[in-house]
Each structure stands twice: as structure tokens, then as C-alpha cells.
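Novice: Next up is a structure, given as C-alpha cells.
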Amino acid sequence: MKTLKPIGNKNLTRRKPTARVRGMKVRAHVFVNGRVQGVFFRSQTQRRAESVDVKGWVSNLPDGRVEAVFEGEEEAVNAMIKFCEQGPRGAYVTNVDVKWEEFTGEFRDFKIKF
């Protein structure tokens, strides 16, 4: 597990996949803490995911976090994680937890789950 340099009081962690292959398809299950609901986090995540051809979903959790699953090319999924570390304007991200899982290819698009 790689611990990223904190931004302010933010504690960001990221686990990297073990294999490194150019064009490798990966899956990341992400949980975002902070002021991340009511700031268009889900819609901006969907817009970004579609722009980099990442498939999956994003959802608000009852405890105030945002949860997302990203599948796609490793570089594009990492771009989505980087976006989650900042969030849209109005968000204040305090922690991002990334769990790397096996790529499944189960998604055809990127959806907002309600």
C-alpha cells in the first residue's frame, strides 16, 4: 500500500495493482470521505468517466461518503482516482480509499446509482 503525501489534513491512500502491462484493464473500488455530497460529485464523476472511457458507477452512501467502481484502462482509472482526490468545486475531500479488484468487464457505461 502506498501512502500519498497528505494535502492539508487529507489522508489519501492508494493500493497499486501488482502487474504492470501497457493497456492493462483494471478495476478500482473507491470510497471518498469529506464534504462530497450535495456538491455535484456524482454527476461530475460520471462526466469525467465518460470522457476517459471508464465504465462503472458512482453512488452516495448513507454515512456521507461517495462510493464508486471504475473499470477501464489503467491510466484512465488512475485519472478518475486523481479526480476523486480533488472532487468538483465545492467538495472538500479528506480521505480516498482505493481497493484494487479483479477486472470483470461487466459494465457497458458509467451510471449514477440512486
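Novice: Could you work out what % of the accessible surface of segment 43-114 is carbon and sulfur, using a 1.4 angstrom probe and leaving DNA, RNA and ligands out of the count?
Specialist: That share works out to 47 percent.
Novice: Expressed as a fraction of 2.2 N^0.38 Å, the rule-of-thumb size for a compact globular protein of N residues, what is the C-alpha radius of gyration of segment 59-114?
Specialist: 1.19
Novice: Next up: Hand me the trypsin sites (Lys or Arg not before Pro) from segment 21-114 located in a DSSP loop with no more than 11 other Cβ atoms within 10 Å, in residue order please.
Specialist: Filter output for segment 21-114: ARG22, ARG89, ARG108.
Novice: Measuring from label point to label point, each 7 Å out along Cα→Cβ, what is the ASP97 to LEU61 span in nm?
Specialist: 0.6 nm
Novice: Take the Cβ-Cβ distance between ARG108 and GLN37 as r, set R0 to 41 Å, and report the resulting FRET efficiency rounded to the nearest 0.05.
Specialist: After rounding to 0.05, the efficiency reads 0.95.
Novice: Amide H neighbours of MET24 under 5 Å, counting only residues 5+ apart in sequence or on other chains, H built in-plane at 1.01 Å?
Specialist: For MET24, the qualifying residues are GLU74.
Novice: Let me ask something additional. When ligands, DNA and RNA are left out and all protein chains stay put, how many square angstrom of accessible area per residue does segment 13-114 have with a 1.4 Å probe?
Specialist: 56 Å²
Novice: Largest first, how would SER51, SER43, SER59 line up by accessible area (1.4 Å probe)?
Specialist: Descending accessible area places them as SER51, SER43, SER59.
The values are calculated or read from the model by the stated rules, or taken from the named source; none is laboratory data. This structure is a prediction, so every number in the text was calculated from the model and none was measured. Glycine gets a Cβ as well: all are built from the backbone with ideal geometry, and neighbour counts include every protein chain shown. Ligands, DNA and RNA are stripped out before the accessible areas are found, and what is left, the full protein with its side chains, is counted by its heavy atoms. Shrake-Rupley method; radii C 1.70, N 1.55, O 1.52, S 1.80 Å.
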